[in-house]
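Notes for the one structure printed next.
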Amino acid sequence: MAGKKLAIIILINLFIATFPVLSTGYIIYLLYRTITFIVLAVAWNMVSGMTGHVSLGHGVFWGVGSYITAFIWFNGLNPFFGVLLGGFIAIMVAITLIPVFRLKGAYLAIGTLSLNFGMLSIYVNLKEFGGAGGLHLPILQHADIVTYYLMYILALCVLTSTFKIVHSRYGFAIKALSDEEAAEIIGVDTFKIKTGVFLLSALFFGLAGGVNALNTVFISPYTAFDITWSVYPVFMGILGGVGTLFGPIIGAIIMTLTTEILSLMATGIDRFLYGVMLIILILCLPEGVVPRIRKYLLKQK
Amino acid sequence: MLLFIIVAYLLFPISNSIIQLLLLGALVGGFYALIATGLSLIFGVLKVINVAHGALCILAAYFCYWVWIFGADLILSMFFTMVLMLILGLALYLTIYRKAMKVGIDPSLFVSFGLSIALEALMSLLWGADIRGVQSSYIKLLNLGGISIPFMLLLDMTLATAVLCALYLFLKKTLVGKAIRACAQDWEAISLMGINVKFIQSVAFILAFAMIGISGSLLAATYAFDPFSGSIYLIRSLIVATLAGDKLIYLTFGGIMLGCGEVFVSYFFGGAYRNAATSFLFIMILLIRGLRSSR
């Protein structure tokens, strides 16, 4: 059974890795976008799957990563260095924001939500970063293929990290007890773990944002700190099932494909339908797709 | 509070400006308090954090704008907007919010969040992303003894005070009002005493939408707005509601403090930082709240 799963995974990976050779253009973009959101959704799920609390603010790390990369690149330095620096600065920002992300429940949600707007306002006022008008970036050779592979590498990293965390001693303890207070009692240092995982997720968001900046010709506070980057991964995680390994992946795939199809139909209506979908989804499937499927499969037995 | 006084004292030489700022802050703050009542009512009675609050205010602003465009006077537009919002409130309650109450506080937040996204997208689809505002004859600058005040703000504050007083009396004196307050405190006990909780909740919800209708129309007349302006008003309402809680008086004071804070920040650091300051002020408040209450 494990062998078959492994084989499938390897096949999928081979396919993804060699795809650019076969075809370019829109399909590459579509896959790129899907992989980007897989990275984001899985990275977000790291934190929320473990803590059970929903953060709506991870997009700020994406935005920071994008902007740092853009800034470095705009000023003539190596953009790849910019991506790494972007990730690093994202971690720094995350460290300062630790108190905010330690809030719980609804407080976390609305607090992190306003972080998006706060960051937006700050960057609108930063003249060195182009202010509200943004920056125009140079064009990278074969940007779509380069960023595709970079994002793919990021995806592999984030999935490996999640896998390792879930199967580590700490992950097991938290999952088995599904109650962090109990986990603390038996000696698991939840604060350190949660902070570490949080910083890691911020890093992934920052790096992904940086890579994405390589793929765009224009960056502005309104694109970099759009709540899309905070909210879509959350939605995908919830859709797929928070706390599961494959949930965010499935959620990301479903959502990206649906959004692309919707945007092909009519401009602007995709965001509206997305909002409606979110409402219907939460009301009908509060736990997500993957747990539902699991329950269904269990019933079959 | 003390910091306030110290700062005011240090700046005594420009005391005229200080008074002007305080007055402006109070006027703006009263308006914020009015906006916040809609949010507070829904949370108090339905235990749902209505993240769509900002977008709904903007929707009300659009309603007011469209009624006004067709020739109605501002006050008349406000009335129509209120009626429209009441109907919308009933519709939303029956379809979405009733179910949202069942799923719990945290998931219900996402329901209202989805609503806010859908609303903003719908508004920008239907009416475009242009900035709009209602121009009315009430827009002029008053000069009272050296202090200039935009008349519109004064009107806002007067209306806000009137509405808040009316709301206060309603909640205090009428049977339904008392039932609403009781529901906010402990709805289980209330239902045991034979009051139809569902009915009270729907009344409170619709009442909140009436407040949103009024706030939105005033907003349309006082400030420029576009489909995405809602978020700032949401954050302001959240600040006031979190700071102040459920009592109307506290809400008013909270609103005034926020208004003063914003005005002072604008004056000393430049208007551009106003929104950033508001957002981070909110986060500070949440953190303090989080530290104070137990885990």
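The values are calculated or read from the model by the stated rules, or taken from the named source; none is laboratory data. Note that the structure is predicted; figures quoted are calculated from it, not measured. Methodologically, a virtual Cβ is constructed for each residue, glycine included, from the backbone with ideal geometry; neighbour enumeration extends over all protein chains shown. Surface areas here come from the heavy atoms of the whole protein model, side chains and all, with no ligands, DNA or RNA. Shrake-Rupley method; radii C 1.70, N 1.55, O 1.52, S 1.80 Å.
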_Rg/Rg_globular for the stretch B:169-295, with Rg_globular taken as 2.2 N^0.38 Å and Rg from C-alpha atoms_ = 1.27
_Among the listed pairs B:K172/B:K198; B:K198/B:K247; A:K4/A:K104; A:K194/B:K47; A:K104/B:K99; A:K127/B:K247, those beyond 31 Å (Cα-Cα)_ = A:K4/A:K104; A:K127/B:K247
*asked:* Taking every alpha carbon pair in the protein assembly as shown, what does the distance histogram look like in 10 angstrom bins from 0, in percent?
replied: 3, 16, 26, 26, 18, 9, 3, 0, 0
*For the stretch A:65-119, divide the Cα radius of gyration by the Kirkwood radius and give the resulting Rg/Rh value with two decimals.*
1.14
_In Å, descending, principal axis extents of the Cα set of the stretch B:192-245_ = 47, 24, 16
*Taking the dipole about the Cα centre of chain A, with the C-beta of Lys and Arg at +1 and of Asp and Glu at -1, give me whichever of A:P79, A:L40, A:A7 is farthest to the positive side.*
A:A7
*Contact surface A-B: accessible area buried, both sides summed, square angstrom, 1.4 angstrom probe*: 3200 Å²
*asked:* From the Cα trace of chain A, what convex hull volume per residue do you get, rounded to a whole Å³?
replied: 149 Å³
*asked:* Quick check: the angle from helix B:151-173's long axis to the longest principal axis of chain B, C-alpha only, nearest 10 degrees?
replied: 30 degrees
_Per-selection metrics, the stretch A:1-127 (Cα): Rg and Dmax in Å_ = 18.2, 57
*Which value at 222 nm does chain B reach when only helices count, each DSSP H run of 4 or more adding -39,500 (n - 2.57), with the total divided by all residues and rounded to the nearest 500 deg cm²/dmol?*
-26000 deg cm²/dmol
*Per Stokes-Einstein, at 25 °C and 0.890 mPa s, what whole-number D in µm² s⁻¹ belongs to chain B, with the Kirkwood radius over Cα pairs as the hydrodynamic radius?*
124 µm²/s
*Based on the inverse mean of 1/r over its pairs of different Cα atoms, what is the Kirkwood hydrodynamic radius of the stretch A:209-269, in Å?*
13.0 Å
*asked:* Starting from the Kirkwood Rh over alpha-carbon pairs, what translational D in µm² s⁻¹ does the stretch A:10-76 have by Stokes-Einstein at 20 °C and 1.002 mPa s?
replied: 148 µm²/s
*Determine the principal axes of the Cα atoms in the stretch B:12-101, then give the extent along each, sorted from largest to smallest and rounded to whole angstroms.*
58, 38, 15
*Using a 1.4 Å probe on protein heavy atoms, which residues of the stretch A:113-140 have at least 40 Å² less accessible area in the complex than alone?*
A:L113, A:S114, A:F117, A:S121, A:N125
*With helices defined as uninterrupted DSSP H runs, which ones in chain A have an alpha carbon span along their own long axis of at least 24 Å and mean Kyte-Doolittle hydropathy of at least 0.0?*
A:2-22, A:26-51, A:79-96, A:105-124, A:143-166, A:190-215, A:247-265
*Could you give the distance between the Cα centres of the stretch B:214-268 and the stretch A:221-239, to the whole Å?*
26 Å
